[in-house]
Every structure is written in structure tokens, then in C-alpha cells.
Amino acid sequence: MPSPTQWSSFYDQIRRFVSARVSSSSDVDDLAQSILERAIAKSPSTEVDSALGWLFGIARNAIADHYRSRARSLSRAADEIAELESPLGDSDQERAEVVACIEPLLDAVPPETAQLLRWADMQGRSMRAISDDLQISLTATKSRVQRARKELLDAMKECCALSLDARKRVLALAPRRGCVTGCRCRGSETAPRH
């Protein structure tokens, strides 16, 4: 088992190793501390040829655990935000107006795309429920819904003049002259077709 002086020397080396792989200085300190705690807890029962090599192995595993944990946390947060946001507006009236406009546009996209959009955006079903119904992974479902939204947005741009916010959510719609989709967008003016 290393002496207290060796542990102190190891800490500095482990901290440098971690700081080269992790950008947040507070995470670097936490990880370096955690690595040494793991090593000290395991050291009485572990026979190693190179204590430093063994510590770096623990460090690599701890860094991988750190990034996996962050990825899971970010994914959960993104899912929670996606569940809270309504792309169709906040009030029943706003949703009804947007649905009245979008429904005819769904004929301009393939049927499976239209169904995804109905489930995700018009009925407000969760991505998890959609993925279970389709028997595909949650990641594949999210990807398909994103592609479907882009297809619908392209169809909407052909029919309507859109006003988008910074997050690319529709703020206002105005029908263009010559729209053939039967869109029922309401607007005070008719926007020219580009």
C-alpha cells in the first residue's frame, strides 16, 4: 500500500490526467478525489505491479462513468423539456388554429410521416409511447419525428409565409397566393410567394 506521501504525489498526477480530459475544473477536482477514494478503498485487497498504472486505470473508468452519467442526465433533461413544450401553442384556441392549418398540409407528406406528426404534435403523445407503438428505439423515434417535422415545415413554406422565433417555432402564418394545399391559415395579409 502506498505511503501518505505517495498518495499526495499520485493526486497531483491523477488531477493533471483528469484535467486533460475533463473541461470543468470543479469536475476535475471531484473526479480526482473520487479516484483516490476508490483506490484507497480497494488498495488493501489489491496486488499491483505498478500503483500509478493501476490508478490511471481507475481514472479512465471514472472519467468514462462521468461522461456516461452526464449524457444520461442531459438526455433525461431534453426529454422532460420536449414533453413540456407544445409546438402548437399554449392555449386550446392557438392549438385549434394551428391544427386547422396543418391538417390539410399532412396530405402533402407521406402517410407514415403524417401519422407521426399527428401522434407527436397534434395528440401530444410522448416519444416513449410512440416508440413502443412502432416497436423501434426511442432514438429512432425521435429522429423520425424530427425528419417528419422538417418535411412538414418544407410543405408549410410552400403554402404559407411563416414567422419563426429564435427556436424555430411558428409564431405566425399567412397564406400565400396560389396555395393549392387547402391550408386554412389565417392572416391579415396574403404573403407573396417566393
What distance in nm separates the simple spin-label points at K157 and T46, each placed 7 Å from Cα in the Cβ direction?
5.5 nm
Using the Kirkwood formula on the Cα atoms of segment 25-76, what hydrodynamic radius do you get, in angstrom to one decimal?
12.0 Å
Which ³J(HN,Hα) values in Hz, rounded to whole numbers, follow from the phi angles of segment 20-37 under the Karplus curve 6.51 cos²θ - 1.76 cosθ + 1.60, where θ = phi - 60° and Gly and Pro get x?
6, 10, 10, 7, 7, 5, 5, 5, 4, 4, 4, 5, 4, 5, 4, 4, 5, 4
Using packing as a proxy for protection, rank 14-20, 115-121 so that the peptide with the highest average count of other Cβ atoms within 10 Å comes first.
115-121, 14-20
Given a Förster distance of 35 Å, the FRET efficiency implied by the Cβ-Cβ spacing of R21 and S126, rounded to the nearest 0.05, works out to 0.50
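Read-outs throughout are calculated quantities, based only on the coordinates presented, and are distinct from any laboratory measurement. All values reported here derive from a predicted model rather than from experimental measurement. Cβ atoms come from the backbone with ideal geometry, glycine included; neighbour counts cover every protein chain shown.
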